Every structure is written in C-alpha cells, then in structure tokens.
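Since the structure comes first, as structure tokens, the remarks are kept for the end.
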Amino acid sequence: MKNKLLFTLIFVFIPIFLSAKLNVYFDCNRFPAENENTTFEITYKVFDSDLDFTAQDNILLAQLHVNFNIYNANGQELYNKDFIRQIKVDLDKTSIYQDEFFIDKMKATVTPGLYKFSIDIQDRVNGDSITWEKTFYTLDCAHMNLSDIEISSFHHSDSTAEFQDFKRNNVLFLVNPNHLFDPAKDDGFTYYFEVFQNVSTLENPLEGKWILTIQGKDQNSVYNEEKDFSSTYTIKPFWKWIPVSQWEPGTYGLSLNLYSNDNPDEPIASREELIFIQESQQTISQVEIEKEYRYAKYFLTNYEENVYKNLDDEGCAEFLKRFWEQNDPNPKTEQNEYKEEIIRRVNYANRNFSHYGDGWKSDRGRIYIRQGKPEEVIDKSYEFDAKPYIIWKYYLDGKRIYIFVDFTKMGNYKLVYVENDDFEFSVPDWEDYLGPYFDKNELQ
C-alpha cells in the first residue's frame, strides 16, 4: 500500500498551571488533486496565552513537539513525521495577549481510499499535550463533486513569498479551525470550496449551479446565495466574504448543494459546516485588567490608587483606558507611544529581575519601569567584605541615585538608598550594608 501513497507535506509558520491537556483547535478539509487523488489540508491553531514560554535574550520562546501519522484502512502506518515548531514573542515590541496565536498547516496528497490521520502535539515547556485523530474517505471523482468547505477569518490579495500554503492564486486565506467568531472583533468570515470533475469523464465543460444557505436557530435563514457556473477547467474555485456583525450569538448551519444541468432538482453533492457566533465581550477580563494595572501601577498617585481599588471590573477597565488616553503623547495616531514604552520596561524587568518572583514587582523592576534604563551603572557584585551592590544613576531632569543590595547573594537585590526621588525611601544605616571600603565618591 505504501507505493500507492503520494505525499506532499508542507508545514507553514505564521508569526499565543500544570494541566494534562493542551488547548488546540483542528480542522481538516479535502480538495481534489491530479489523477483522482485527494489533498488533505489539516490546520491547527493554538493561542499564545495557552502556552508556556521561556525567556531567551530579547524574546519569549515556546516550543511545540508535533508528531504526524497517517494509517491505511487496515491500521498500517503509512507515514510518520516528527518536528518542532517554535513560537517567538519579541518582548521589545509586544507582550502575550489573548488574541495572539500560532497557526500551522499540513498537507498530504493520497490515492483513493480510507485513511486515519493522527496528530500529537505537546508543549515542550510544561508537558501539556493533545491528540487529534480522524478517519476520512478521499473525495469521489467519478462525477462532478464538491470539495469540503474551508472557513477563514478573512482573505486578501498577497503576492509575497510568505505563507504560500495558505494562499490560492495569490489570495491569502487565514483559516479559522474552530469556526468561532466574535462580532465585536470579526466583521465576517470567508468560505472557500471547489467544484471539480475528473478529466477522464469530462466530455463537456463543467456546468451546473450551487446553492449556499446559512440558517440560525428555528431554521431561520440569515444568508442565501445561488450561482450558475460554466468552466472548461476540471476544478472551479469559489469564495466569498460574508458579514456577521448583525448576527445574534449562537450556532449557525451552513449547507451547500451542487446541482448538474442534467438534473437541476436533485443535488448531486452536498456539504455542511457549522459557524459559531459568540457573545461579544464588551469588557476585558480580570486577567487583562490585572495586566493593564501592572503596567500603570507605578505611575498612579495615592489618590488614584485608592479610587482604582474601590472600582468594580467595569470601572477598573474604564479607569485604565482613560489613564492611557490621558498620557498618550500623540492621540491622533492609533499607537500610544507612552504605553508601548511602559510595556517594554515591564517586559525587560520580567526578563532580567525575576529571581524570586515577577520581575516587575522587584525593587529594580519598579525603578526601571518608573525611570527607564539608568544612564550610569556601577556594579559592585564582588566587593571584599561586603554584600554585592549596584548603583543606578539618572541625570536627565535632575540627578537621581539608587543603591540596591543583594543580601542573599542570589541575585535578589533590594533598594537601600535613594537620592532625589520623593516616591522611594532609604533604609536606616544603609552604609553598613556596603562594607568598610565603600567610597562615597561613587555617589557623585
């Protein structure tokens, strides 16, 4: 059976608590190929927020171990592929948000028959894993027929060399494996399918019509489309974007029926898919609120902090939204340069100062987030008869000095001395921690 199997495997990368199961969305669609073969396109998608990342230099790195198998109807393994996918987040530019994701597509072209596909995916950082297994027949090429219906978040023209296996004729289709859409974020979706007929049975041009219908609850129709077609090609593609902004939350059934001109009353092929419209999330989650608060915390006055702590989730979200808007140096642009700079500082603190917890909560993290990168650093990590200490100096807008001491000699530096910063305090007898050879001229 192996010699009957034709493979064209293509793997595509687009640059998202201990648990046994990894949250991954899968979708498989069949399309016609040459010589009555069928190409299976398997897409999987995982959100960055469901992965664990490790810090390396200026990036966060997650790794997925993927094992892809194909079996024939007798259970014989026909193909096995092991590979690693890396997901990188540049902390100098962004952070981990719920909407960010990694998506990958695998293609396998096989001869007619019944096949079982199995994909094992493991998060190499925390060990979470998931197994996806499905059995499919190949497409029937004996008569005019339909491919499966691929559902994408959008489509647009793209002639670049990137993401080739998500493209058809220089049109990029971003597949949405879970078919879930939020009207507040997604204006609509794109369907794609192909009508085909094997060249050996093609005596006349490919002719017929198809009817596509989408129904909501109580079988109420929300979308109808009918199209007559004629083509001299053996494969005729169709796609269109459908708006969903006015659809109510719920489950919608998409049905596609194909008719030949010889028998216009009875469909010769049918396909069905489900579309899910979720409740629009008008407010951000508690996790997102805590993340936003982390960025703003060190810039709030005592009064503002007290006001914030007495607000509910909706009030907190609105408070933080206004805080960033008030500090936006250029409100005419979509970007908030002030917020982006603070995010970069928080990310830097988490990468470099996370010895006994979140780096943004450490003393060095707090000062770095408030003041930015020090203009001068004096590192006394190996002083004789003294605990390790570091001096940070700032000169712009007035001279400010901070001294941090590592009491445990494990990299956990604590602030002991402050000069010209009304928001911080020096500890009593701070000089005693710097050893008998401390030179006060270092503070000049």
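The values are calculated or read from the model by the stated rules, or taken from the named source; none is laboratory data. Computed from a predicted structure; not experimentally measured. Cβ atoms come from the backbone with ideal geometry, glycine included; neighbour counts cover every protein chain shown.
Some observations on this one:
- Only listed residue being in a loop (DSSP other than H, G, I, E, B) and hydrophobic (A, V, I, L, M, F, W, C), chosen from Leu172, Leu139, Leu212: Leu139
- Those residues of the stretch 288-333 which are outside any helix (DSSP H, G or I) and over 16 Å from Arg366 (Cα atoms), in sequence order: Asn310, Leu311, Asp312, Asn327, Asp328, Pro329, Asn330, Pro331, Lys332, Thr333
- Within the stretch 371-399, tally of residues that are more than 20 Å from Ala349 (Cα to Cα) and either hydrophobic (A, V, I, L, M, F, W, C) or exposed (fewer than 13 other Cβ atoms within 10 Å of the Cβ) (or both): 8
- Criterion applied to Tyr368, Tyr413, Tyr402 was being within 30 Å of Asp439 (Cβ to Cβ), modelled with pLDDT of 85 or more, surrounded by 12 or more Cβ atoms within 10 Å (Cβ to Cβ) and under 31 Å from the mean Cα position of the chain (by Cα), and the one residue passing it is Tyr368.
- Restricting attention to the stretch 314-332, the residues that are surrounded by 12 or more Cβ atoms within 10 Å (Cβ to Cβ) and modelled with pLDDT under 85 total 1.
- Filtered residues of the stretch 373-399 (kept if of a type in the set (A, V, I, L, M, F, W, C) and more than 39 Å from the chain's Cα centre (by Cα)): Ile378, Phe384, Ala386, Ile391
- When residues of the stretch 231-282 are limited to those that are within 18 Å of Asn176 (Cβ to Cβ) and of a type in the set (Gly, Ala, Ser), the one modelled with the lowest pLDDT: Ser280
- Within the stretch 53-87, the only residue that satisfies the criterion of being buried (at least 17 other Cβ atoms within 10 Å of the Cβ), within 21 Å of the chain's Cα centre (by Cα) and not in a strand (DSSP E or B) is Phe53.
- Each residue in the stretch 126-162 was checked for being over 26 Å from Asn37 (Cβ atoms) and among the small types (Gly, Ala, Ser), and 6 pass.
- Criterion (assigned by TED's automatic domain parsing to the domain that holds Gly75, of a type in the set (D, E, K, R), part of a strand (DSSP E or B) and surrounded by fewer than 15 Cβ atoms within 10 Å (Cβ to Cβ)) met by exactly one of Lys107, Lys134: Lys134
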